[in-house]
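K.L.:
If you scroll down you'll find the structure; I have some questions about it.
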């Protein structure tokens with residue numbers, strides 16, 4: 001009796017600047033179908049909470065993406081995206097408050113704001129949403145999430161009772177926080193925050209010291225911002241009764257983690273865990289014979305919260321073998337074979353300029369998947385071949 005066709009779950013991350021996660025799934029299936037034409041292929045586009053999370057969740061759950069004009073990091077309008085997938089909205093704060101939105105010469109974390117990210121949350125509320133998945137990587141800001149809170153109706157007042165200017169530096173003048181104008185719908189909103197760092201809000205490992213310099217902060221500005229956020233944390237604790245200064249992840253995205261904890265019902269969670277939950281990956285893997293994952297680069301850091309390691313963890317919990325297909329391999333990649341992947345293969349077959357490599361991503365993924373599929377089919381054939389008679 002011939003074995004029934006296998007079920008193969010395809011759960012890669014995107015290949016940055018080359019393919020979305022959905023496009024990687026499609027290329028993988030084309031390759032594997034050469035060896036397993038009758039297999040059942042289940043596409044689960046993945047991400048780790050960073051760039052590409054919105055598109056992956058929308059693709060995986062059959063949602064939609066809408067553009068919204070919001071306040072950019074420097075106060076000027078930008079067009080950002082809001083994903084809607086059933087009862088959940090997906091937001092990448094970088095699309096509204098991200099570093100790429102600010103030209104290098106204009107980067108000043110003393111004045112940049114997260115207000116636009118808060119405006120996306122308001123748009124989700126207007127759409128009837130009560131659950132948000134929020135990826136907070138890639139920020140241009142260091143305002144402790146005060147801009148986001150302003151969008152939701154919070155007022156940050158100085159000693160004269162006037163609203164403070166936007167930005168983290170102004171928080172040094174914070175006298176009190178007025179939450180009487182907060183949109184009442186916020187009380188019923190749950191936010192799962194994809195947060196893969198454990199930095200506190202302040203100090204040598206805090207938001208300003210660790211992430212401020214890449215956003216344009218000089219050493220003097222780092223000190224200024226750190227002191228402002230420390231004062232902000234004190235006022236938050238006094239006025240709201242929430243101690244956020246030392247919570248792991250409070251310093252993420254220039255203190256946005258702290259602001260979300262202070263002003264919303266937010267939970268800081270590993271990004272890949274959120275995506276695994278939202279995509280239904282565990283249910284898909286439970287009935288699979290093989291799981292295939294991957295991303296643009298796999299190296300020794302992959303095991304620390306990256307998508308392929310998260311997918312592999314789910315597969316191993318169900319006793320399903322895992323194949324990794326990577327754009328390229330970095331230092332430490334070989335150490336992942338055995339405890340993360342059963343097989344790990346890069347897609348590049350020749351040296352080429354980066355532009356050509358990125359343009360050929362789909363072809364290279366398909367070719368590699370085809371080769372892996374043929375090898376697996378050969379292995380099956382050898383395993384069922386009758387042993388040869390001993391000719392001696």
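K.L.:
Multiply the residue gap between residue 374 and residue 334 by 0.36 nm, knock off their C-alpha separation, and tell me the result in nm, one decimal place.
P.N.:
12.2 nm
K.L.:
Using 10 Å bins from zero, what percent of all Cα-Cα pairs in segment 53-272 falls into each bin?
P.N.:
9, 38, 38, 13, 1, 0
K.L.:
Set the Förster distance to 22 Å, then compute FRET efficiency between residue 38 and residue 283 from the Cβ-Cβ distance, nearest 0.05.
P.N.:
0.50
K.L.:
Round to the nearest 10 and give me the degree value, 0 to 90, for the angle of helix 252-263's Cα axis relative to the longest principal axis of the chain.
P.N.:
On a 0 to 90 degree scale, this one is about 70.
K.L.:
Can you tell me the length gained on complete extension of the stretch residue 183 to residue 238, counting 0.36 nm per residue apart and subtracting the Cα distance?
P.N.:
The residue 183-residue 238 span can extend by a further 17.6 nm.
K.L.:
Where does the chain land at 222 nm, in deg cm²/dmol rounded to the nearest 500, when only DSSP H runs of n ≥ 4 count, each adding -39500 (n - 2.57), divided by all residues?
P.N.:
Helix contribution divided over all residues of the chain: -10500 deg cm²/dmol.
K.L.:
Could you work out how far apart the two model spin labels at residue 69 and residue 126 are, taking each label as a point 7 Å from the Cα in the direction of the beta carbon, and quote it in nm?
P.N.:
It is 1.2 nm.
K.L.:
Tilt of helix 307-317 relative to the longest C-alpha principal axis of the chain, in degrees (0 to 90, nearest 10)?
P.N.:
Roughly 60 degrees between the two axes.
K.L.:
Still on this structure: Comparing 70, 78, 337, which has the greatest mean-square fluctuation in the GNM of the chain with Cα pairs linked when under 10 Å apart?
P.N.:
Top of the fluctuation ranking is 337.
K.L.:
Using 0.36 nm times the number of residues separating residue 356 and residue 204, minus their current alpha carbon distance, what extension gain do you get?
P.N.:
So the extension gain works out to 50.5 nm.
K.L.:
Equivalent-ellipsoid semi-axes (√(5λ), Cα gyration tensor) for segment 256-357, whole Å, largest first?
P.N.:
Equivalent-ellipsoid dimensions as semi-axes: 28, 20, 12 Å.
K.L.:
Taking the alpha carbon gyration tensor of the chain, what are the square roots of 5 times its eigenvalues, largest first, to the nearest whole Å?
P.N.:
46, 20, 18
K.L.:
Between 102, 365, 298, where does the largest GNM mean-square fluctuation fall for the chain, given springs only between Cα atoms within less than 10 Å?
P.N.:
102
K.L.:
Which whole-number percentage describes the relative contact order of the chain, with Cα contacts under 8 Å and a sequence gap of 6 or more?
P.N.:
Answer for the chain is 19 percent.
K.L.:
Efficiency by 1/(1 + (r/R0)^6): what FRET value for residue 301 and residue 246, r their Cβ-Cβ distance, R0 = 25 Å, to the nearest 0.05?
P.N.:
Working from the Cβ atoms, E equals 0.45.
K.L.:
Can you sort 112, 20, 71 by how many other beta carbons sit within 10 Å, fewest first?
P.N.:
So the residues, fewest neighbours to most, are 20, 71, 112.
K.L.:
Still on this structure, I have one more. Using a 10 Å cut-off around each Cβ, can you sort 18, 64 from fewest to most neighbouring Cβ atoms?
P.N.:
Fewest-to-most ranking of 18, 64: 64, 18.
Since every read-out is calculated from the coordinates, none of them should be taken as a lab result. Keep in mind that what you see is a predicted model, and the values were worked out from it rather than measured. Glycine gets a Cβ as well: all are built from the backbone with ideal geometry, and neighbour counts include every protein chain shown.
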